[in-house]
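Comments concern the structure below.
The values are calculated or read from the model by the stated rules, or taken from the named source; none is laboratory data. Note that the structure is predicted; figures quoted are calculated from it, not measured. Using ideal geometry, Cβ is built from the backbone for each residue, glycine included, and neighbour counts are taken over all protein chains shown.
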Amino acid sequence: MINQNIGYVIIETATTSQEYKPTVVYQNNRYAVAECILQEANETNRNKRFYASEELFPQLTSPRTVELLTRGELRAENGHPLSKDIVRQSQIDPNNTVAIFLKLWADDNFVKAHVRGTNNAKGEEFNRDLLDGFKPAWSLRALGSIQNTQRGAEVKGLKVITWDRVIYPSHPRAYTQGLVTEGCSGVLEQKDPGMLIPITNESVIDYIKTESANYKNILETFELEYDNIELIRNGLQVKLTGNDGSIYVVNTESYIQREIQDACFKLKEMK
């Protein structure tokens, strides 16, 4: 069972095949600029998850998205990160980027984008693929919780990290459509439903609030305001109760766990 109040890193990876033939559309001086469908709202995807437009579309104009988009830093990685570490999953690694999103918008139920390759070897290969007529696929990486609703395993509290370039997307229409210019939780019983990584991060004592990168990262990414924080599992995790009642369980880093254990041991010796 997936606890509907627990936060997850949501990584969409497809599990079934469905043929989709997108058409090509544009390019600039050095790099081709392509128009893509990144995702479809209001439809259950191949991983049996449902993204409502009221959850998904506001992410296109959120402060984080706008800031990254304006600075040219909203980028796709070349495949989803394999690590289950929350810090890694919630960040875009500049050393693994393949494409830059230039524009995002909603069109009917679709999230669309203009995208070009990055100024590195991966981006140059991506650019050649576009010019050769290949149509890269895209897959969401996000934070959120999953709740059973009448619409299925519905994603709530969505915080988009990025859309990564993948081989086979969870949304059958999440492909590059063409060149724009020319130029130089309920139960999810699936064998591979994409990764659902329980949120892991910490804070309870001032030390954890000050030193834990996991804790700080969750607060920033989720823009989380919480009513209660408590240390659980002998310092291995911190539980944060949000203002809306949502619960976030955050794993403390190993060095923080050692510090907590050492402090507890010393206190025990003093008694």
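Worth pointing out:
- Selection from the range 116-134 of residues that are crowded, with 19+ Cβ neighbours inside 10 Å and modelled with pLDDT under 90: Leu130
- Within the range 182-237, being at pLDDT 70 or above, in contact with a strand residue (DSSP E or B) (Cβ under 9 Å, 6 or more places away or on another chain) and of a type in the set (D, E, K, R) holds for Lys209, Glu223, Glu225, Asp227, Glu230.
- In the range 17-39, the count of residues that are modelled with pLDDT of 60 or more, assigned by TED's automatic domain parsing to the domain that holds Asn148, under 25 Å from Leu240 (Cβ atoms) and outside any strand (DSSP E or B) is zero.
- Any hit, the range 97-117, residues being among the hydroxyl-bearing types (Ser, Thr, Tyr) and under 18 Å from the mean Cα position of the chain (by Cα): yes
- Conditions (1) out of contact with any helix residue (DSSP H, G or I) (no Cβ under 9 Å at 6 or more places or on another chain); (2) outside any strand (DSSP E or B); (3) modelled with pLDDT of 85 or more; (4) buried (at least 19 other Cβ atoms within 10 Å of the Cβ): number failed by Pro81: (1)
- Residue in the range 44-76 that is farthest from Asp132 (Cα to Cα), counting only those that are assigned to a loop (DSSP other than H, G, I, E, B) and modelled with pLDDT under 90: Lys48
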